[in-house]
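Step one of this worksheet: look at the structure below.
The values are calculated or read from the model by the stated rules, or taken from the named source; none is laboratory data. Note that the structure is predicted; figures quoted are calculated from it, not measured. A quick note on method: Cβ atoms are made from the backbone with ideal geometry, for glycine too, and the neighbour counts reach across all protein chains shown.
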Amino acid sequence: MRTPLLALAGLLWGATASAQVAGDPTLPPPSLYAPATAPAAARPALPELQSILVSREAGGRRVAVISGEMVRQGSRFHGATVERVGENEVVLRRGRATQVLKLYQGRPPAVVARPAPTSENNAKKETQ
């Protein structure tokens with residue numbers, strides 16, 4: 001009677017040991033938990049222009065998102081004044097120095113798909 005119980009205990013222990021080795025498949029890969037090459041405090045992050053919103057109305061809102069922080073034209077960002085918010089860039093001023101943040105950073109802007117002209121629209125253009 002003792003031998004079957006020992007065998008059963010051995011099988012159960014082996015099954016739990018192999019289940020632990022497999023791990024949780026829903027966890028992120030260990031590389032995400034690896035320490036950074038240099039501490040974040042050692043290298044200051046450059047401001048990154050992420051988004052711009054410019055109102056089409058004259059004198060309308062001009063808002064930008066820089067490194068996750070929403071700023072308006074004339075406001076302050078990390079000790080700099082947001083001097084200008086354009087359609088594709090933001091100008092920051094620190095004393096006499098200016099820094100231009102571009103929205104696309106060397107990448108061409110995405111092409112916006114427009115619907116193809118219909119034959120009805122073409123006929124109207126020809127008659128005008």
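With respect to the conditions (1) at pLDDT 85 or above; (2) over 26 Å from residue 57 (Cβ atoms), residue 116 lacks only one, and its number is (1).
Rundown of residues vs (1) among the aromatic types (Phe, Trp, Tyr); (2) surrounded by 10 or more Cβ atoms within 10 Å (Cβ to Cβ); (3) modelled with pLDDT of 65 or more, yes/no style:
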position	(1), (2), (3)
4	no, no, yes
24	no, no, yes
28	no, no, yes
34	no, no, no
37	no, no, no
46	no, no, yes
51	no, yes, yes
63	no, yes, yes
68	no, no, yes
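If you check residue 74 against the conditions, is it modelled with pLDDT of 65 or more and outside any loop (DSSP other than H, G, I, E, B)? Taking the combined requirement at face value, the residue does not satisfy it.
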